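What follows is a single structure, written as structure tokens, with notes after it.
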Amino acid sequence: MQTLSLPTGATVALDDSGGGGTAILFSHGYMMNRSMFAPQLDYFHDRWRCIAWDARAHGDTVWDGPFDYWDSARDMLAMMDALGLDKVIHVGMSQGGLVGMRAALLAPERFHGLVQLSTQAGEAPKSDDDSFARHIGDWIENGPDIEKLTFLGDFILGPGIDHAHWHDAWSRMSKAQVRDATGALASIDPLFHRLAEVTMPVAVIHGLADLATSHELGLLTAQAVPDPRVVTLVPGGPHAVNLSNPRRVNRPIEDFILELASEDPTIRQKT
């Protein structure tokens, strides 16, 4: 693990495989952390520089007080500056895709392309019941218990993923982490009206069994950006589809990157 104190106010934790060439930057989802991209880093790190980081209120990153995803986007750009990354390929899962899209709007010249994984461009999806608000609200007030952990596991992870690992990680999150992470989620401003400004190539990957964000919402991004590329729908894939179905996710990411590299000679693998 590496840490960087940024001028934006956060001290971010990250894993960096190092090496030359173009970097793939991975941004995790709500209540997750950089370790969720282990199957992707394992697959790509020998050919591409891979960086996975913890956003504010998650993992080992240190932050101070409430924030929104524009703050996290500025953290991302400042982290890229600190690492000497002029331009990256960004892979953002759920919250990470929301952050990446904001960073791309703030500084489009910094991104070769975006992979929007289990994410969308609107505000937090509305639920037909109050289960999410009730469980997370009680979590912030009283801490986790097995009912809340099971609810979140079913909501994000689904089948085919080690729930015990994530139950343990969530149990170690502070109330302040859950409070501020949830506050940022609730504060999302929709970006559908700005998708025409997202001019770099965009790939969309989504599970068809995603309970947190429907694939229909995810596809709206591919329909509205000027340069949509790979669109991959994974049958039975949950929200954390990169963990449950890593091969079905890694392949379209790789196809997207190789397509970009065929068009842009500045995109290079490690030498």
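The values are calculated or read from the model by the stated rules, or taken from the named source; none is laboratory data. Computed from a prediction, not measured in an experiment: that's the story for all the values here. Cβ coordinates were reconstructed from backbone atoms using ideal geometry, including for glycine residues, and neighbour counts include every protein chain displayed. These accessible areas exclude ligands, DNA and RNA; they are computed on the full protein's heavy atoms, side chains included. Shrake-Rupley method; radii C 1.70, N 1.55, O 1.52, S 1.80 Å.
Data overview
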quantity: Check on residue 134, basic (Lys, Arg), part of a helix (DSSP H, G or I), open to solvent by 70 Å² or more (accessible area, probe 1.4 Å) and within 22 Å of residue 92 (Cα to Cα); calculated: no
quantity: Filtered residues of the range 184-227 (kept if in contact with a helix residue (DSSP H, G or I) (Cβ under 7 Å, 6 or more places away or on another chain), part of a loop (DSSP other than H, G, I, E, B), open to solvent by 20 Å² or more (accessible area, probe 1.4 Å) and closer than 16 Å to residue 115 by Cα); calculated: 199, 226
quantity: Residue satisfying all of: in the range 139-162; without any contact (Cβ under 8 Å) to a residue 12 or more places away in the chain and either in a loop (DSSP other than H, G, I, E, B) or in contact with a helix residue (DSSP H, G or I) (Cβ under 7 Å, 6 or more places away or on another chain) (or both); nearest to residue 35 (Cα to Cα) among these; calculated: 162
quantity: Hits in the range 112-131 - residues which are among the small types (Gly, Ala, Ser), in a loop (DSSP other than H, G, I, E, B) and open to solvent by less than 10 Å² (accessible area, probe 1.4 Å); calculated: 118, 121, 122
quantity: Residue check for residue 75: among the acidic types (Asp, Glu), within 17 Å of the chain's Cα centre (by Cα) and within 23 Å of residue 166 (Cβ to Cβ); calculated: no
quantity: Residue check, residue 167 closer than 30 Å to residue 260 by Cα, open to solvent by less than 70 Å² (accessible area, probe 1.4 Å) and in contact with a Leu (Cβ under 6 Å, 6 or more places away or on another chain); calculated: no
quantity: Cβ-Cβ under 7 Å pairs, at least 6 apart or on other chains, the range 58-79 side on the phi > 0 side of the Ramachandran plot, far side crowded, with 19+ Cβ neighbours inside 10 Å and modelled with pLDDT of 95 or more; calculated: 59/13; 59/33; 59/34
quantity: Qualifying residue in the range 43-52 (condition: free of Cβ contacts under 8 Å to residues at least 60 places away in the same chain and among the β-branched types (Val, Ile, Thr)); calculated: yes
quantity: Members of the range 234-271 found to be touching a His at 6+ places or on another chain (Cβ under 8 Å) and surrounded by 17 or more Cβ atoms within 10 Å (Cβ to Cβ), listed by number; calculated: 234, 237, 241, 260, 267
